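S.K.: Before I ask anything, here is the structure I am working with.
The values are calculated or read from the model by the stated rules, or taken from the named source; none is laboratory data. Only a predicted model underlies this, so the values are computations on that prediction, with no experimental measurement involved. Here the Cβ is made from the backbone with ideal geometry for all residues, glycine too, and neighbour counts use every protein chain on show.
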Amino acid sequence: MSQSSVLVVDDDEKLVELLQIYFQRDGFLVYTANDGLTALQIAQDKQPDILVLDLMLPGMDGRDICRTLRRDSEVPILMLTARDEESDRLVGLEIGADDYVTKPFSPKEVVARVKAILRRTKGMKVKTEPLQMGDVVINTEQYQVTKGGQPVEITPTEFKILELLAANPGRVFSRLQIVEQTQGYSFEGYERTIDAHVKNLRRKIEDNPKEPVFIQTVYGVGYRMVGSQNE
């Protein structure tokens, strides 16, 4: 199996050095940066398997880096933030991050999160037949989603959620179940971020995101997919 690579970006040089040590202990090839512009250049040149990206950076902040990369890349992004407000965390997810960690954190936790993200993005099951809901087609073999024949830009986490719901039409999944089956782990408070991912998916695949046809909310429980060809 080829060596996984990670780009660690934070303006705290000591924190970057600490994370670098932990990632290298686990066999990662590690790139580092302490400012946004350098980070973007490394991400585009080296194309690491995953980014560990601080939200607040000099030169170019994490939000702008995430938006820029998402224009033509699906590289997984784990966002670091010192802010503990839910709105700040959800902003990161809405612009394309796959997960987040709030400072202060354990370096072991960051490595564990990165491994979990890479497991689900690199080790997805290959299915022979695409999943379809109306004009939305999920090709799990090619890791691609189209709507009306046009490609839909989608993050790895969004893809896993969409695949899970579409492969089980009519079944209601709680937020915790979605977290556990798409992330491979769960922790207190993360279930609410599923709402942000679902909001993104609705914006991308629904004709009217405010009146969703495919991804429906089951109030007090979670979400389910309707309109699948498998129903």
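S.K.: Return the residue satisfying two criteria in turn: it lies in region 172-207 and is modelled with pLDDT of 85 or more and assigned to a loop (DSSP other than H, G, I, E, B), and of such residues it is farthest from Met225 (Cα to Cα).
M.R.: In this case the residue turns out to be Asp207.
S.K.: Kindly check whether there is at least one residue in region 217-229 that is at pLDDT 80 or above and under 26 Å from Ile50 (Cα atoms).
M.R.: No - not one qualifying residue is present in region 217-229.
S.K.: For residues that are outside any strand (DSSP E or B), crowded, with 18+ Cβ neighbours inside 10 Å and of a type outside the set (Gly, Ala, Ser), tally how many sit in region 23-55.
M.R.: 7
S.K.: How many of the residues making up region 36-63 are modelled with pLDDT of 90 or more, among the charged types (D, E, K, R) and more than 15 Å from Asp98 (Cα to Cα)?
M.R.: 2
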